[in-house]
Amino acid sequence: MNRRLLTLVVMVITVSFMVGSSLCYSAEPIKIAGIFALTGRAAHIGTAQKDAVLLAIDEANQQGGINGRMLEMVMEDTESNPTKAVMALKKILESQDVVAIIGPTLTGTAMAMRGFIEKEKIPAFMHSGGDVILKAPLDKKDPNSMPKWTFKSPYKAADAMGKICQYMNKHGIKKIGFVYSNEGFGKDGLRNVKVQAPKYGVEIVAQEAFQPKDIDMTAQLTRINAKGVDAIIAWTVGPAMGIIAKNIKQLGIKAPLFECHGAGDPIFWKVAGESGEGVMMPSTKIVVGDQLPDSDIQKKKVLDYVKAYQTKFNREPGTMVAYGADAAFIIIDAIKKVGPDRAKIRDAIENTTGYVGISGIYNISPQDHNGLSMDDIVMIKATKGGWKLLD
């Protein structure tokens, strides 16, 4: 072969390789829907969860994606509103070919979306705190119409409540008052405290509700305090977390305050200020990773993730970040195993066992679309602008 012909052959091979590579990397991305509360009263939660999901997707894409296909998140804002959440879901499903859904943020929006998700047969890993999204039948007339395509990354609200009551039992707290937001998440909390408190010898002697947009709860807290309670549990998210802490301090109430499993977040200090000092709550380990014993199987993963989050977003992650991260990582793992097929992804998620996540060790099954237990939860105390791991 003469030199001229050899040069031509090399050029043809080179061009073919370049074209082939271009075609390989220009494959359509695998799309995942992200439906979060990016505005409205739960924006601080939804934004943190969105960032957590983006971090997981970026990590997968930096490793080459899945079989040469990049992952892409198609995002919509629920505006912290159930009606807007349904509109956001319909918009994505009608305009985009997505293989899974991550979100939404609030229990009420999740309940509004469930029926459409089941009808479309698309796996959804929700970040909502209430257990009702997994336990309530889709059809009130049919108790067996349980959700098949819906999963939940935050641990069960019943277990979070149980963790609080267990701690109270250990520390001699016997009589409590319960104050809650009069919407999906708060009502779910009321159901759970009525079940969990008696198990640990804790008596509910007062219960009070408030509306999600209320800006003062002194009347409710005054009535609770008049019952001579040993402690108060507040079950809400958003600004109300801080309002209640401030009202308790203003009223001079000495009973310790416990808040829900969404309170362990930087926003808590922003809304509560110095009134947040001493408030206790159940949490994921993400906010106390450096306080965990070296024997903790989650410690390295938690610390590595916290470092990555801090580097990318230049801020501290809260407990809600853990829920977003785990939902994303488990879905991505499922796609790696079975490809971009909705039904196969659903099945793969449902068969997740022994998965060491940020929130805990996930053992998901057909009977349990959450997979976490009370053992995955820690109790923490708000102190000096940060968090202390409690015994």
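Derivation of every value follows stated rules applied to the coordinates shown; laboratory data play no part. Predicted, not measured: the structure shown is a model, and the values here were computed from it. Here the Cβ positions follow ideal geometry from the backbone for every residue, glycine too, while neighbour counts run over all protein chains shown.
Structural remarks
- The fewest-to-most ranking of PHE313, PHE185 by surrounding Cβ atoms within 10 Å reads PHE313, PHE185.
- Per-residue HN-Hα couplings for the range 207-220 [Karplus 6.51, -1.76, 1.60; θ = phi - 60°; Hz; x = Gly/Pro]: 9, 9, 10, 9, 7, x, 9, 4, 10, 7, 10, 5, 5, 5
- Entries in LYS91/LYS213; LYS119/LYS156; LYS187/LYS344; LYS91/LYS301 that, when Cα-Cα distance is taken, lie over 31 Å: LYS187/LYS344; LYS91/LYS301
- The range 318-391: radius of gyration over Cα atoms, expressed as a fraction of 2.2 N^0.38 Å: 1.32
- Of LEU389, ILE102, ALA322, farthest towards positive along the dipole that unit charges on Lys, Arg, Asp, Glu beta carbons give the chain: LEU389
- Rounded to the nearest 20 debye, the dipole size of the range 157-283 about its Cα centre is 360 debye, using +1 on the Cβ of Lys and Arg and -1 on the Cβ of Asp and Glu.
- Exposure proxy order (Cβ contacts within 10 Å, fewest to most) of LEU390, LEU221: LEU390, LEU221
- Candidate aspartates and glutamates - alpha carbon under 20 Å from LYS84, same-chain residues fewer than 8 apart omitted: GLU76, GLU94, GLU118, GLU120, GLU183
- For volume of the Cα convex hull per residue in Å³, calculated from these coordinates, the label among (1) 160; (2) 128; (3) 151: (1)
- Whole-angstrom gap from the range 366-391 to the range 128-192, using each part's C-alpha centre: 15 Å
- Prolate/oblate/rounded label for the range 157-283 (Cα gyration tensor, a/c 1.5): rounded
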